[in-house]
1. Would you call Val253 touching a Ser or Thr at 6+ places or on another chain (Cβ under 8 Å), buried (at least 19 other Cβ atoms within 10 Å of the Cβ), over 23 Å from Ala175 (Cα atoms) and modelled with pLDDT under 95?
2. For the stretch 325-338, what are the residues that are surrounded by 14 or more Cβ atoms within 10 Å (Cβ to Cβ) and at pLDDT 90 or above?
3. Taking Val221 and the conditions (1) over 13 Å from Val72 (Cβ atoms); (2) modelled with pLDDT of 95 or more; (3) outside any strand (DSSP E or B), which numbered condition does it fall short on, given that it satisfies the others?
4. Please identify the pairs in which a residue from the stretch 87-104 that is farther than 19 Å from Asn28 by Cβ has its Cβ atom under 9 Å from the Cβ atom of a residue that is assigned to a strand (DSSP E or B) and among the basic types (Lys, Arg), counting only partners at least 6 apart or on another chain.
5. For Pro391, state whether it is touching a Pro at 6+ places or on another chain (Cβ under 8 Å) and either at pLDDT below 90 or hydroxyl-bearing (Ser, Thr, Tyr) (or both).
6. In the list Leu360, Leu341, which residue meets the criterion of being modelled with pLDDT under 90 and under 24 Å from the mean Cα position of the chain (by Cα)?
7. Conditions first: (1) part of a loop (DSSP other than H, G, I, E, B); (2) among the small types (Gly, Ala, Ser); (3) under 18 Å from Val65 (Cβ atoms). Gly235 passes all but one, so which condition is the exception?
8. Take the stretch 54-66 and flag every residue that is buried (at least 17 other Cβ atoms within 10 Å of the Cβ) and either free of Cβ contacts under 8 Å to residues at least 40 places away in the same chain or under 18 Å from Val86 (Cα atoms) (or both).
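The values are calculated or read from the model by the stated rules, or taken from the named source; none is laboratory data. Predicted model, so just to flag it, every value in this text is computed and none were measured. In this analysis, Cβ positions are derived from the backbone assuming ideal geometry, glycine residues included, and neighbour counts consider all displayed protein chains.
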Amino acid sequence: MKKTNIALVSLALLAAPLANAQWQGVNNFDSGSLTGVSVAFSPEEDNMNGGISIIPDPDNTTEGVLQLDPGVFTNGTDTHNVWFWVNLPDITGTATVYNRIMRGELVDIVWGTSPTDMPASYGDFSSALRLELDGIFDYREGSDGYVEIDGASSTEMTWYETWLVVDVATNTYDAFIKGGTEFPDVTQVVNDAAFRNQSTDPQNRFYARITTGAIDNPKAVDKVWFDDIFVDLSGQNLTTPGDDVVIPDPGEVPTENGSGELANLSTRGQVASGEAAMFVGFVATDDARRFLIRGAGPLLADFGVTTALTNPVITVRNSSQEVVATNENWGDNSNSASIALTAAAVGAQPFADGSADAALMLLLAPGIYTVEVSTGDGTTGVALAEIYRIP
């Protein structure tokens, strides 16, 4: 195996980075749905061994992350592999692919880009980073094997941002990392490495593969988590995608009005602040699922309620009374377009653009939750609380 030292180039002093507007959202896994995410196993028949799932982000339970579980040795001794991949828009020139990754203690994980529809081997990767049992970042250098990056160690249960800047015309890529105490700033760790898969076809897949190894060469035991896959087709972009980037919602949303599952009956009542707020409790009993939670006030005025609350605020708390999320003015949410789409799909009356009604769409872990509807401007009035579980 080729081993070389790569100088780590800090980019902390870069001035005026590119604007976030170039980023295109691929998947941030906040929908709670695996729609748009593909999985494969080798051997294929061992498809109940390990796999992928969406779980609440350990650092923010209102958001989702993809969990990749290696499973265990096939037949008790043989290598078992789990792949996942998502489609990227066609990359035909120079582009940047961004993601976040967090590892458990003992892993063997490779991730990167590919022009191949469905992975069959490691040879399908073009650009690729790797973490093995030693926790040190490696990268793939063409047909020469993996290169251990000198000084590029990582810490378990710590998020790292990675940027792969791929150039399809030259079949080369650069890589950058930020995260933990090891990489406090965006740091270049790969310079002009050769693609493993020297294809001129568009790079249009984000791949990841985890392996258990065999019993005589054990590898991954623990899980790996991925989040926030983005792409910038305009060239190199070393910024962190911001909240202003719209993520297409990959979740499966019902297509007919009234087909959503109601998690708790709607409640209408007089609302003020403090103890005079309205409280609605509900229980999430399944795996992590999306919920649409709304507090309607101005909407009621459109239906002749003369004492409707003018500025409702909704606050979701867990069983420990910790605030999970809050909203005043539903259109201020970064996922407001998905909220509107989902509301229409489950038969909820649509909120007007720019209205002061409140709404949240959250990925919630199983547990007991309370929704508080209060006033945002000190006035009192009638409000409607609604809670829908999204299939």
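1. On the way: touching a Ser or Thr at 6+ places or on another chain (Cβ under 8 Å): yes; buried (at least 19 other Cβ atoms within 10 Å of the Cβ): yes; over 23 Å from Ala175 (Cα atoms): yes; modelled with pLDDT under 95: yes.
Considered against the rule, which asks whether it is touching a Ser or Thr at 6+ places or on another chain (Cβ under 8 Å), buried (at least 19 other Cβ atoms within 10 Å of the Cβ), over 23 Å from Ala175 (Cα atoms) and modelled with pLDDT under 95, Val253 comes out as yes.
2. Ala325, Thr326, Asn327, Glu328, Asn329, Trp330, Gly331
3. Looking at each condition in turn, Val221 falls short on (1).
4. Matching pairs, first to second residue: none at all.
5. Details: touching a Pro at 6+ places or on another chain (Cβ under 8 Å): yes; either at pLDDT below 90 or hydroxyl-bearing (Ser, Thr, Tyr) (or both): yes.
So Pro391 passes the test.
6. Result: Leu341 is the single residue among Leu360, Leu341 that is modelled with pLDDT under 90 and under 24 Å from the mean Cα position of the chain (by Cα).
7. All conditions are met except number (3).
8. Ile54, Ile55, Gly64, Val65, Leu66
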